[in-house]
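In what follows, a structure is listed as structure tokens, so that the remarks can point back to it.
Each value in this text was obtained by applying a stated rule to the coordinates, not by laboratory testing. These numbers were taken from a predicted model, which means no experiment stands behind them. Glycine gets a Cβ as well: all are built from the backbone with ideal geometry, and neighbour counts include every protein chain shown.
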Amino acid sequence: MKPLQLISILGTAAIVTACSSQTVRNSFPDTYNDHHYWAARQAIKIGEPELAEEHLKAAAENGSYTSMAWLGHIYTNGTGVDKNLEAALKWYEKAIVDPSGDNAQLMKRVGDIYARGEGTAVDTAKAEDFWKRAYVYYTSKEDLTVSEAQLLGMMYARGQGVEADGEKAVALLKAHYTPGLGSIARLLGDIYYDGLGLRQNLPEARKWYTASFEEGDPVRLYRLGFMYLDGQGVEPNPEKAHQYFAQYLGYLESKLNNDIHDSQIRELAYMYSKGHGTKADGEHAISLAKRLVGKDGGISERIIGDIYIDALGLEKSDPAQAVAWYEKSIAQGDPARLTRLAYIYSSGDGVERDLEKANKHWQASIQHLENLGQRRSPSETRRLSVMYAKGEGTQANTTRAIEILQPYVGRGDGYAEYLIGDYYYMGYGLDKPDPSKALEWYAKAANEGAIERLKRLGDMYDQAEGTKRDPALAEKYWQMAFKGYEARGENASTGELTTLARMYGFGQGTPKNEERALALFKKASERGDLNATRLAGDMAYNIGEMATARDFYQIAHEGGNTTRIKRYAAMLRDGLGGTADEAKARALFTSAIATLEKKGTLRSDNDTLQLGRLYLSGDSGEVQAQKGLALLESISARVSVAPVFIGDYYYERENPDYKKALAAYQKSFDMGDESRLKRVAFMYERGQGVPANQAKAQAFLKKAKNR
């Protein structure tokens, strides 16, 4: 029998029989409650936490408020027991009514639990009530301890129980800050980084995160690494970023078999999956996350799904595995991947396509995000906005989408600005795209330091989209974009690799280098990005490597990307890059039509464009003009190339209708697509669909030359 167990038995027996065992009285205070409380604390201290629950329950059920609070702690953290947030909440609420007021600080924690819906349904009203009571408690005290000042400071910052006031939060924390208090420095960094109750200030955030680390608090090393990696409030420095990542990795590894928190195990798994501070190792990342499966409300299941879908530290993506883990995550109560799962089901990427499930998950995601209200995180806010803009699980409502983003406009990261720019550029929920409005918002995003739409901004100035053509401005934005993406190096996302490849391919912001472009497209393709696979095929096709192009197009097609199915089928038909196979070519055209038709109302604009062109081409065996024209017309108000293809059909068919062709081309010009300027010039020169007019013909030719 272990010594503590012997003491416990003797102590309990002594109290029950009223005997006066000297051993017991010397080890613990005389009272029943104190005996069990200290027995539990001692059990935790000597590494036998599984003995603590029984002692704490004995004291708590006999009225010990301190033991009630500790029961809440052990159930929250899974100390010697299975984590049980429902039980934790029950004991915390019992402890709070302590008439001595000693457990009043728990009111903030209980408010947080109701806000996050941990072990209970999300209840905003209850959360706010407990926060207000906590606020009254803290502000009624003459002298706050350091920990109390930190809690009150973050309540000011987040607007919990009091109106959000970042300046008050900063003043309070700084008043209690002395060198060596790294935790306060970290919280100040959080306020400035996240823009809590004040405008985001990345340089100030970096200063406080650095101070936090130098004062012995390494908790924000990971975020500090990202700041140097992405150039947030500082010049990009991948080497310094890697240094911080490696230090944080070492810190987490040192805690792994001791007192590491669940959230830190998840961070460690993510670092291995991304190769931050170490070599990327998806399998090890999954093994770490599996430690928490079934224990953290579905978060670890979600992380494993992310690793499989994004091929993080793995050789290739595994959508089927990702879907299985995402479904487990949702079943455990984690709604974070409802939207992504909806996209996977709608596209049929790695699973059987199921539009009913897609809509179900979209609708559940919208409901969840709307219920969060002001407690939505920035990423959740953006996700909800995009769903309203695109009409996913709801009717498209761009006004609502932009309204949702307003609190994040001008916050310093440019994300909200370029997202609004996207809505205007793509024409989501609008009668037609508005490139001038898009340009305005993209410029705001660039001024906020965002690099994500710099290339597009350069393209718009180059192609006179929503503005006059300005080659100098185009080159300026391209160079800014190139510098930003190149700085991310091995840590660039798949999308960033693809954008960088395009810039090398077109010589935008850097000398043209098609071989480098192809290598980057290949790298993104190897991560499982089928769009990058298609683009690798395009690049190989453009530089004459037909066999390579054909291989990439085949991989893209077999993976479900039909964007170049027409070209791939034509290569098979004509024997480009390999043996001719007319039967397979025709089958591919037919298959592409069937795949796109199956998407029904969930077809994207690009899918609709491709299907319309396939109907008009007749490559599957027959021209289906009425269907093709109807599809292209349905998107012609927002996709400028659609009227171009409508015009081409009327111009190039056996019996041309030049008037309809000219009207369609004019519509594309009005939308900023001037790819048919030379053809329209020719039509005025020959009098096709319009009286011959040499002056107009020359004007169109001049405009085409200036492009």
| Alpha-carbon spread of region 217-307, three principal axes, descending order, Å | 41, 26, 22
| Label-point separation, K240 to V351 (7 Å along Cα→Cβ), nm | 4.3
| field | Cα-projected label distance for A164 with R400, points at 7 Å along beta-carbon direction, nm | value | 2.2
| What is the Cα centroid distance between region 185-223 and region 279-355, reported in whole angstrom? | 31
| Just for the Cα atoms in the chain, what are the lengths along the principal axes, largest first, rounded to whole Å? | 116, 52, 44
| Normalized C-alpha radius of gyration of region 618-661, against 2.2 N^0.38 Å? | 1.15
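Can you work out the FRET efficiency for the pair R41 and F226, with r the C-beta to C-beta distance and R0 = 60 Å, to the nearest 0.05? Mind showing how you got there, number by number?
Values: r = 38 Å, r/R0 = 0.64.
With R0 = 60 Å, the Cβ-Cβ based efficiency is 0.95.
Please list the three semi-axes, largest first and in whole Å, of the ellipsoid equivalent to region 507-659, using sqrt of 5 times the eigenvalues of its alpha carbon gyration tensor. List each step's numbers first, then the result.
Numbers: eigenvalues 151, 70, 52 Å².
Whole-Å semi-axes of the equivalent ellipsoid: 27, 19, 16.
Suppose only helical runs count, i.e. DSSP H with n ≥ 4. What mean residue ellipticity at 222 nm does that imply for the chain under -39500 (n - 2.57) per run, divided by all residues and rounded to the nearest 500 deg cm²/dmol?
Working: 38 runs with 474 residues, N = 707.
That calculation yields -21000 deg cm²/dmol at 222 nm.
Ignoring the sites themselves, what is the longest stretch of the chain with no GluC sites (Glu not before Pro) in a DSSP loop and at most 14 other beta-carbon atoms within 10 Å? Numbers along the way, then the final one.
On the way: sites that count: E61, E142, E163, E315, E352, E622, E654.
With GluC sites (Glu not before Pro) excluded where exposed in loops, the chain gives 353-621 as its longest stretch.
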| task | Provide the convex hull volume over Cα atoms per residue for region 562-639, in Å³. | result | 78
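Please identify the trypsin sites (Lys or Arg not before Pro) of region 367-475 that satisfy two criteria: DSSP loop assignment and at most 10 other Cβ atoms within 10 Å. Which are they?
Details: sites: R375, R376, R382, R383, K390, R400, R411, K437, K444, R453, K455, R456, K468, R469; in loops: R376, R411, R453, K468, R469.
When the trypsin sites (Lys or Arg not before Pro) of region 367-475 are filtered for loop state and at most 10 Cβ neighbours within 10 Å, K468 remain.
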| message | Through the Karplus equation 6.51 cos²θ - 1.76 cosθ + 1.60, θ set to phi - 60°, convert the phi angles of region 375-382 into ³J(HN,Hα) values in whole Hz; use x for Gly and Pro. | response | 8, 5, 6, x, 5, 5, 4, 5
| task | Mind checking which lysines have their Cα closer than 16 Å to the Cα of K45? Skip sequence neighbours fewer than 8 apart in that chain. | result | K2
| At q = 0.14, 0.26, 0.30, 0.31 Å⁻¹, what is the log10 ratio I(q)/I(0) for region 653-707, with the Debye formula run over Cα points and no solvent? | -0.33, -1.06, -1.24, -1.27
| field | Rotationally averaged projected area of region 492-545 (alpha carbon convex hull; nm²) | value | 3.2
| request: Quick one: divide the alpha-carbon radius of gyration of region 151-218 by 2.2 N^0.38 Å and tell me what you get. | output: 1.01
| remark: Straight-line reach check, K126, cutoff 28 Å on alpha carbons, 8 or more apart in-chain or any other chain, hits among lysines -> K57, K83, K90, K94, K108, K141, K168, K295
| query | Between region 404-429 and region 50-108, how many Å separate their Cα centres? | reply | 45
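Pairs K660/K702; K468/K523; K566/K678; K390/K660; K360/K523: which exceed 27 Å Cα-Cα? Spell out each step's value before the answer.
On the way: K660/K702 24 Å; K468/K523 36 Å; K566/K678 25 Å; K390/K660 31 Å; K360/K523 35 Å.
Violating the 27 Å Cα-Cα cut-off are K468/K523; K390/K660; K360/K523.
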| Any idea how far apart K660 and K512 come out in nm if each label point goes 7 Å out from Cα toward Cβ? | 3.8
| request: Treating the angle as unsigned and between 0 and 90°, give the value, to the nearest 10°, between the Cα long axis of helix 166-175 and the longest Cα principal axis of the chain. | output: 40
| field | Pairwise centroid distance, computed over Cα atoms, of region 505-535 with region 645-707, Å | value | 34
